[in-house]
Amino acid sequence: MRYPILTTTDASIFFINKRAGTPVELDRLVKTRGEGPEICQKFVNELVAELASIKSRFPEGLKSAKSANAFEALAARTIHSRVAVGVDILADPDFWLWLAAVHFSDIVEWRYGNPKGGTGAANYGVGARSENLLYRLWLRAELVLDEEATDRYHLCDHGQIDFYRSHLFRQGYANARNFARALIRFQYPDKADATQPFLKVDQIRELVKRLRRLRTNLFMEILDEVECRKVIDEEIDRVPEAA
């Protein structure tokens, strides 16, 4: 399957020239990767419309961490459900860079406050794949997807942005979806306020350190969610009380 990409080098050229006031045509920098027929890009138009609709729910912008998290929780659902391409394409950071820069620069810039001169290129995935806004939100949904629930994206509503970044995306144990779900349910158990954490900051940091060390001796991918929760409960007994 052939699909469009934007390399980090070409994206850097584009952003440098754009911020210098001498923009180049982005379409000229787009290349393709893979073989065979091209992917159907119908999902792009659908995603553009749906993210615009979500954006309209925040007429004052994202002026607080709460509103930013609410937007990201909603957008994660939509991105994950709409970007239905093969796993080889999903794993290619140049595909996500193309998607963010070519089709969703308005959303990326708005998400980060429409700063004068433009937001940092890292938010498009230049230099830091996991910071690409579109990919980061797709990953938020991917890690906590609950196929057994009526709303399989319900856990996207749980947690805060920093929790996903620091305690899921950057940790090896999060590769096991059962473990990621168990941890998000543990730390954000309140269904009435799904962004209210159970442990304080120093406690969750200590727990994560222990879980990361445990990862070297425990193959978490073979554990079901109940077993993952048991591991977490056993480790939390070793975490000191918050200062």
Checklist outcome for this item: Log entry, pairs with first residue in the range 203-226 being closer than 12 Å to PRO240 by Cβ, second being basic (Lys, Arg) and open to solvent by 50 Å² or more (accessible area, probe 1.4 Å), beta carbons closer than 7 Å, six or more apart or on different chains, reads ARG210/ARG238
Checklist outcome for this item: Here the residues within the range 1-31 that are open to solvent by 40 Å² or more (accessible area, probe 1.4 Å) and in a strand (DSSP E or B) are ARG2, LYS31
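This table checks each residue for (1) of a type in the set (Val, Ile, Thr); (2) under 16 Å from LEU155 (Cβ atoms).
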| position | (1), (2) |
| --- | --- |
| LEU183 | no, yes |
| PHE186 | no, yes |
| ASN217 | no, no |
| ILE222 | yes, no |
| GLU235 | no, no |
Checklist outcome for this item: Expected output for the range 159-171 (first residue touching a residue at least 12 places away in the same chain (Cβ under 8 Å), partner open to solvent by less than 20 Å² (accessible area, probe 1.4 Å) and assigned to a loop (DSSP other than H, G, I, E, B), Cβ below 7 Å, 6+ apart or cross-chain) is GLY159/TYR188
Checklist entry - Which residue out of ARG152, ARG205, ARG181 is farther than 20 Å from LEU139 by Cα and either under 18 Å from the mean Cα position of the chain (by Cα) or surrounded by fewer than 21 Cβ atoms within 10 Å (Cβ to Cβ) (or both)? => result ARG205
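Does GLU60 count as out of contact with any helix residue (DSSP H, G or I) (no Cβ under 9 Å at 6 or more places or on another chain) and open to solvent by 80 Å² or more (accessible area, probe 1.4 Å)?
no
The values are calculated or read from the model by the stated rules, or taken from the named source; none is laboratory data. Quick caveat: nothing in here was measured; it's all calculated off a predicted structure. Here the Cβ is made from the backbone with ideal geometry for all residues, glycine too, and neighbour counts use every protein chain on show. We work out accessible area using only protein heavy atoms, side chains counted, and drop any ligands, DNA or RNA first. Shrake-Rupley method; radii C 1.70, N 1.55, O 1.52, S 1.80 Å.
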